[in-house]
Amino acid sequence: MNDLLSSILQGIVEGLTEFLPVSSTAHILLTQELLGTDRESPFWKMFAVVIQLGAILSVVVFFRARLIGFIRSFWDAWTQTDTPPSETDRSDAHVIATKTSWGSHPLVLVLLSFVVTAIPCLIIDKLIGEHMESSLVIASSLIIGALVMIIVDFGFGKNPTTHTMETITHKQAIAIGLFQILAAAFPGTSRSMATIIGGQLFGLSRTVALEFSFFLAIPVMIAAAAFKLLQFVVKYDLPTTSEWGNLVVGFVVSFLVAYAVIAWFMSWVRQHGFIPFAIYRIALGLFLLWTIWG
């Protein structure tokens, strides 16, 4: 298949699946298999990671007002004094700052989760590479992850104790970071699913777990994409002009599709939860097992 068309289709798949708890890695690898893409190609391996930046940019754009509010409230928390604010200074950002010290601010907790995730993932990068393209590992992770989703959604999703990003604790942030390591080590687990499940197990509501997942994706995926691109450049030199073109196309398509998915997914989760995605994961996992053993 034409590389440009392949880039567009992979960008669509990435945008659709990056933030859904169904494993974008599994879907990209399956898409590459169906399209006849050379999965051994260093470029296409790097491509699959770098186009995730398009999806991540959609988070920044979609939540831009929330991010700006967090930055302002963090500054207020950092510089706050014991002097009560005037009536004209009682903005949402200031109210958050007076309730949250800078060390417990959502931005700090996101970075804490990122550090907990990033260091072990760097250590096991070679192990990840060895298992990345194993259909059996992906299928098993899809099914096992789906069963965990169902158990957690029914058992822990009913009585959450944390209903806002501003009330997440250090313990919860660390736990979510540890859960994300599973997603890195076992493709098919889904980074989004690991974050959501980890959050729910430690008391976050569905909506807050999902929101934290979106924000945590920003540093995690920027670091992962930068690392893969640097690896490619060091080993194989800069991408060619046509390869850069494919990267740009995949990036843009991923951004546009992911932006639409975020708005829909936030609305869906508030009303329906994650069970339909668990059922889909089981079906996809069984399909992959059938292709292996059928």
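List, please: which pairs have Cβ atoms under 9 Å, are six or more places apart or on different chains, and start with a residue in segment 14-38 that is at positive phi and end with one that is small (Gly, Ala, Ser)?
Short answer, once both residue conditions are applied: Ser23/Ser141; Ser23/Gly145; Ser23/Ala183; Ser23/Gly188; Ser23/Ser190; Ser23/Ser192; Gly36/Ser6.
What number of residues in segment 162-184 are surrounded by fewer than 19 Cβ atoms within 10 Å (Cβ to Cβ) and in a loop (DSSP other than H, G, I, E, B)?
Residues meeting the conditions: 3.
Tell me the residue from Val22, Val116 that is among the aliphatic types (A, V, I, L, M), at pLDDT 90 or above and outside any helix (DSSP H, G or I), please.
None of the other options fit; the residue is Val22.
Restricting attention to segment 240-260, report how many residues are surrounded by 18 or more Cβ atoms within 10 Å (Cβ to Cβ), under 17 Å from the mean Cα position of the chain (by Cα) and not hydroxyl-bearing (Ser, Thr, Tyr).
Qualifying residue count, segment 240-260: 4.
Do you know which residues across segment 185-201 are part of a loop (DSSP other than H, G, I, E, B) and either among the aliphatic types (A, V, I, L, M) or more than 17 Å from Gly273 (Cα to Cα) (or both)? Explain how you work it out, then say what you get.
Restricting attention to segment 185-201, the residues satisfying the condition of being part of a loop (DSSP other than H, G, I, E, B) are 186-190.
Passing the criteria: Phe186, Pro187, Gly188, Thr189.
Name the pairs: first residue in segment 275-294 and under 12 Å from Pro21 (Cβ atoms), second residue β-branched (Val, Ile, Thr) and part of a helix (DSSP H, G or I), Cβ to Cβ under 8 Å, at least 6 apart or on different chains?
Final answer for the pair search is Ile275/Ile150; Ala278/Ile150; Arg281/Ile143.
Looking at (1) over 30 Å from Ile275 (Cα atoms); (2) crowded, with 19+ Cβ neighbours inside 10 Å; (3) among the basic types (Lys, Arg), which is the only condition Lys235 fails?
The single condition Lys235 does not satisfy is (2).
Tell me which residues, restricted to segment 39-66, are without any contact (Cβ under 8 Å) to a residue 24 or more places away in the chain and in a helix (DSSP H, G or I).
Those that are without any contact (Cβ under 8 Å) to a residue 24 or more places away in the chain and in a helix (DSSP H, G or I): Trp44, Arg64, Ala65, Arg66.
Between a residue in segment 230-257 that is within 21 Å of Ile56 (Cα to Cα) and any residue that is assigned to a loop (DSSP other than H, G, I, E, B), which pairs come within a Cβ distance under 6 Å, given they are 6 or more apart or on different chains?
Listed by first residue and then by second, the contacts come to Gly250/Ile51; Phe251/Ile51; Ser254/Ile51.
The values are calculated or read from the model by the stated rules, or taken from the named source; none is laboratory data. The model shown is predicted, which means the values in this text are computed figures rather than measured ones. Virtual Cβ from ideal backbone geometry, glycine too; neighbours counted across all protein chains shown.
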